[in-house]
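The values are calculated or read from the model by the stated rules, or taken from the named source; none is laboratory data. Bear in mind that the values here come from a model prediction, so they are computed numbers and not experimental data. All Cβ positions, glycine included, derive from the backbone under ideal geometry; neighbour counts span all protein chains shown.
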């Protein structure tokens, strides 16, 4: 090649090098221009890519590496990604906790929990605890109130041989139960407001009383404030008016009771009852539960879980359940006159037998109703009561409280047979328990020298009363009424008692009634209605839900007889038994043997 050609190639190389340098400068200017333009902030990258960094010397690379390391530590603390233990230097602990999946960091610091003591008084001051205590949901508390107060009113009247007259009134902001009894004693009211103890005159005894299936009066007083901050109870008795509010102190966890007591004005000698019947204020008890009135779109609501109460009483409605609970007491108590006022709609059930008799709470109990465990429980209650009073009663004083052992001759025979003359109850304690062997001997001797109680003495409602209630009270067709009764009558001779000293002869009486509703009534009112109860107390729910081992209850048996839920009939079933047993805390389901 010639020189000219070489020179041309050299010129081409220099031009090519010049163009490359120009391109590099141009790209650098573009990058600088891009850096000068502000860009929106972005979240730190999880793993900064080395390919995206543009090195500008060793010192700038070190600064960039330190910057990435700072972002890396921040991301670990935030939990943006997890650092494997393998990448952590040996002996180095995770800062701030151990990262776990899901972006959270598990704290490795150990919590030493403090054991807090909670007063049992708090068992009465929340919806959850009261549901546990009563065995009923909040929406059923009005029924619990009515049942408990009617039970108490009937017992009080019967113990003082007063023919009971009870008024039940309900309106938008209250439920009131009034009676013509002796008036609740101040001591009983004070005991019901002491939430540190359980006070009951039914505890330990075995007898066919209503109190054995109810809830303690102390469960009622907290209810108003639990459902409504303005709720309160008003008790009128013995010339005094108590305005009671009960709440719990959340700090001390103790009950705070406010009892504003005032005298009932002497000028107010009588009050006008729901059925326009005047009652003397000097006698009887009136207990009202009050709350704030609430009406939503013309519908009255009670604060019991938003319970709507006013309107037509269709089958299954709360209004129907409320009425039928009250009516059940009238059905099972021939001596009771009951006035019912439901939002101004009034109805009276008049007593058919004011002189009717039954086994009273004040009657001595029969030793034949007790097994050894029942007698041990009663003895333990007596011993504890005497200790608190600084006393120690004799065994002879204890056994005189039983049916058939009030006479000295019978007691002497029992004490001789049990070898317990001049013995005190405390001597039945051996170490930290009662002497079951000696108690069994005493139980056998007491049964051997007494007679079982006949079932008729427990109380029989009777066909006449039930017929009047079904026909006149409920409107059943007279010719359709049917009645049946079964008892546990046993012909037991005195000589038979020695066969088994511990045998218990438990009397009972089961009564049933049936009737067709008149066809001329409301179709909704003519569906099947069941009234079921035990020991002369109406039940909030059907207590005969399971018979024997079949698992089927009263409603299933009626269905088998082609008496379904839409049949226009009324059926009543009542059991009197001195030793009722229930399957639930609310005492709504009886254990009935096959």
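For segment 408-420, check the following and say yes or no: at least one residue is under 33 Å from the mean Cα position of the chain (by Cα) and outside any helix (DSSP H, G or I). Scanning segment 408-420, I find no residue that is under 33 Å from the mean Cα position of the chain (by Cα) and outside any helix (DSSP H, G or I), so the answer is no. Scanning segment 558-577 for residues that are touching a strand residue (DSSP E or B) at 6+ places or on another chain (Cβ under 8 Å) and either farther than 13 Å from residue 482 by Cβ or part of a helix (DSSP H, G or I) (or both) returns 558, 568, 574, 575, 576, 577. Criterion applied to 362, 317 was being modelled with pLDDT under 95, within 30 Å of the chain's Cα centre (by Cα), under 25 Å from residue 456 (Cβ atoms) and surrounded by fewer than 17 Cβ atoms within 10 Å (Cβ to Cβ), and the one residue passing it is 362. What do you reckon, is residue 388 over 30 Å from residue 463 (Cβ atoms), surrounded by fewer than 14 Cβ atoms within 10 Å (Cβ to Cβ), in contact with a strand residue (DSSP E or B) (Cβ under 9 Å, 6 or more places away or on another chain) and at pLDDT below 95? When the stated conditions are applied, residue 388 does not pass them. Considering 373, 391, the condition of being assigned by TED's automatic domain parsing to the domain that holds residue 413, part of a loop (DSSP other than H, G, I, E, B) and free of Cβ contacts under 8 Å to residues at least 60 places away in the same chain is satisfied by 391 alone.
Restricting attention to segment 236-262, the residues that are part of a loop (DSSP other than H, G, I, E, B) and either surrounded by 14 or more Cβ atoms within 10 Å (Cβ to Cβ) or touching a helix residue (DSSP H, G or I) at 6+ places or on another chain (Cβ under 7 Å) (or both) total 2.
Does residue 329 satisfy being assigned to a helix (DSSP H, G or I), out of contact with any helix residue (DSSP H, G or I) (no Cβ under 6 Å at 6 or more places or on another chain) and surrounded by 19 or more Cβ atoms within 10 Å (Cβ to Cβ)? So residue 329 does not fit the description; no. For segment 405-427, a residue qualifies if it is buried (at least 17 other Cβ atoms within 10 Å of the Cβ) and in contact (Cβ under 8 Å) with a residue 40 or more places away in the chain, and the qualifying residues are 405, 410, 425. The set of residues from segment 197-219 being in contact with a helix residue (DSSP H, G or I) (Cβ under 6 Å, 6 or more places away or on another chain) and at pLDDT 75 or above comprises 204, 206, 208, 210, 217, 218, 219.
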